[in-house]
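A.B. asks: This is the structure I want to talk about, given as structure tokens.
The values are calculated or read from the model by the stated rules, or taken from the named source; none is laboratory data. Given the structure is predicted, the values throughout are model-derived calculations rather than measurements. For neighbour counting, all protein chains shown are included, and Cβ atoms are generated from backbone atoms with ideal geometry for every residue, glycine included.
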Amino acid sequence: MPAREPNQPTLFDLEGRRFVVTGAASGIGRAMAGALLGQGAQVLLVDRDAQALQAVLAGAHAGRVHIGVCDINHTAAFQQLVDGFGAVDGLFANAGISGGPGFGTEAGRELGTLSQQSMAQWHQIMEVNLCGTATCMQAVLPAMKRRRHGRIVVTASVAGVQAEPFVSYAYALAKAAVVRLVQQSALELGPHGITVNAIAPGFIKTGIANGRLHDTDVAGLLVPRIPVGRLGEADDLAGLAVLFASRASAYITGAVIPVDGGYLLNQKEPIAC
Ligand SMILES: NC(=O)c1ccc[n+]([C@@H]2O[C@H](COP(=O)([O-])OP(=O)(O)OC[C@H]3O[C@@H](n4cnc5c(N)ncnc54)[C@H](O)[C@@H]3O)[C@@H](O)[C@H]2O)c1
């Protein structure tokens, strides 16, 4: 095998590459942004939580961290941020919200059944988790098409892959739609040199759902169903984020890759509700 020349980029090198990460002030988005920065990328961190965003990675990676305070559903404001950032190599469309507990949880027996899911909740979850993801993709596409190059990575969920009693109906359906959005757009955009892939996290201890995944009762319910025997940490998503951003994944598109400690493999017993 020929030795690598000095200064020759490695498979995972992101030096000089420019990425936009939404929902970057917390949890998975923050960890993915940190991982991209660690490989030398320029990263525009977008979040609607200005205070949390300012605190992220303060001082680290000087000159390569760009901050954009914006609600992803304000499409004109997001477009302006993206255009101001310059030629974008990749988008991590990650911002999302929880839709409340699923019918398989104690709290969800009251709130998470189909009968209880209000239209207001449907609209709110779809607006952020599905429409917000699609409009962020729309914002980066014209420039990516012109350059015939782009990486789009969407944060889906195991709840978008299989029926899932531990999340709300609206959340599960929004994530299932996001999975199809990734597959449909990968088909359209491949000929333009743009790949589209999804990361499907399992249960990751972040700020989502008011930090409920940090509660020991939730861990007690979920951990026995996870083959590796623990809930996920946001940093568990870092490796796949770098893979999808880098030239190592040039021939991967339309993929939906779980990062779930094996949760999707597990046999489920029926949930009483
Ligand atoms: N944590 C999990 O177990 C888990 C599992 C599967 C999928 N996900 C998905 O991962 C993504 C990140 O979630 P997380 O767990 O890191 O949660 P988190 O709450 O820690 O972080 C989400 C971030 O997104 C931001 N955000 C939310 N709505 C926004 C909007 N409209 N505009 C701009 N910013 C917005 C929030 O301010 C927050 O900083 C979400 O799409 C979520 O559905 C999380």
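A.B. asks: Can you pull out the residues in segment 113-130 that are at pLDDT below 95 and in a helix (DSSP H, G or I)?
C.D. replies: Our first condition is that a residue be at pLDDT below 95; within segment 113-130, this holds for 113-122.
Within segment 113-130, 114, 115, 116, 119, 120, 121, 122 meet the criteria.
For every residue, the table says whether it meets (1) more than 9 Å from the ligand (Cβ to nearest atom); (2) crowded, with 22+ Cβ neighbours inside 10 Å; (3) not in a loop (DSSP other than H, G, I, E, B).
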site: 10; (1), (2), (3): yes, no, no
site: 15; (1), (2), (3): yes, no, no
site: 24; (1), (2), (3): no, yes, no
site: 46; (1), (2), (3): no, yes, yes
site: 62; (1), (2), (3): yes, no, no
site: 73; (1), (2), (3): no, no, no
site: 96; (1), (2), (3): no, yes, no
site: 103; (1), (2), (3): yes, yes, no
site: 106; (1), (2), (3): yes, no, no
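A.B. asks: Regarding residue 178, is this residue at pLDDT 95 or above, within 15 Å of residue 93 (Cα to Cα) and within 14 Å of the ligand (Cβ to nearest atom)? Spell out how you get there, then give the answer.
C.D. replies: Numbers: at pLDDT 95 or above: yes; within 15 Å of residue 93 (Cα to Cα): yes; within 14 Å of the ligand (Cβ to nearest atom): yes.
Yes: the conditions hold for residue 178.
A.B. asks: Still on this structure: Testing residue 69 on (1) of a type in the set (A, V, I, L, M); (2) in contact (Cβ under 8 Å) with a residue 60 or more places away in the chain; (3) more than 18 Å from residue 183 (Cα to Cα), one condition comes back false. Which one is that?
C.D. replies: Every condition holds for residue 69 apart from (2).
A.B. asks: Look through segment 195-228, keep the residues that are in contact with a strand residue (DSSP E or B) (Cβ under 7 Å, 6 or more places away or on another chain) and in a helix (DSSP H, G or I), and return whichever of them is farthest from the ligand (Cβ to nearest atom). Steps first, answer last, please.
C.D. replies: To start, the set of residues in segment 195-228 that are in contact with a strand residue (DSSP E or B) (Cβ under 7 Å, 6 or more places away or on another chain) comprises 195-205, 213-214.
Among the residues that remain, those that are also in a helix (DSSP H, G or I) are: 213-214.
Numbers: 213: 6, 214: 10 Å.
Here the answer is 214.
A.B. asks: So which of 43, 69, 82 is closer than 16 Å to residue 244 by Cα and at pLDDT 95 or above? Even if it seems obvious, please write down each step before you answer.
C.D. replies: Details: 69 fails: closer than 16 Å to residue 244 by Cα; 82 fails: closer than 16 Å to residue 244 by Cα.
Checking each option against the conditions leaves just 43.
A.B. asks: Now for a separate question. Which numbered condition trips up residue 187, out of (1) surrounded by fewer than 15 Cβ atoms within 10 Å (Cβ to Cβ); (2) modelled with pLDDT under 95; (3) among the aliphatic types (A, V, I, L, M)?
C.D. replies: (2)
A.B. asks: Restricting to segment 203-247, name every residue that is hydroxyl-bearing (Ser, Thr, Tyr) and under 17 Å from residue 106 (Cβ atoms).
C.D. replies: Let us first name the residues in segment 203-247 that are hydroxyl-bearing (Ser, Thr, Tyr), namely 206, 216, 246.
Result: 216, single match.
Per-residue answers, yes or no, for (1) closer than 20 Å to residue 103 by Cα; (2) at pLDDT below 95:
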residue	(1), (2)
132	no, no
147	no, no
155	no, no
161	yes, no
166	yes, yes
191	no, no
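A.B. asks: Mind telling me which of the residues 142, 165 ends up being more than 13 Å from the ligand (Cβ to nearest atom), surrounded by fewer than 24 Cβ atoms within 10 Å (Cβ to Cβ) and not in a helix (DSSP H, G or I)?
C.D. replies: On the way: 142 fails: not in a helix (DSSP H, G or I).
Selected residue: 165, the only one of 142, 165 that is more than 13 Å from the ligand (Cβ to nearest atom), surrounded by fewer than 24 Cβ atoms within 10 Å (Cβ to Cβ) and not in a helix (DSSP H, G or I).
A.B. asks: Run residue 273 past the list (1) more than 16 Å from the ligand (Cβ to nearest atom); (2) at pLDDT below 95; (3) in a helix (DSSP H, G or I) and report the number of the one that doesn't hold.
C.D. replies: It fails just one condition, (3).
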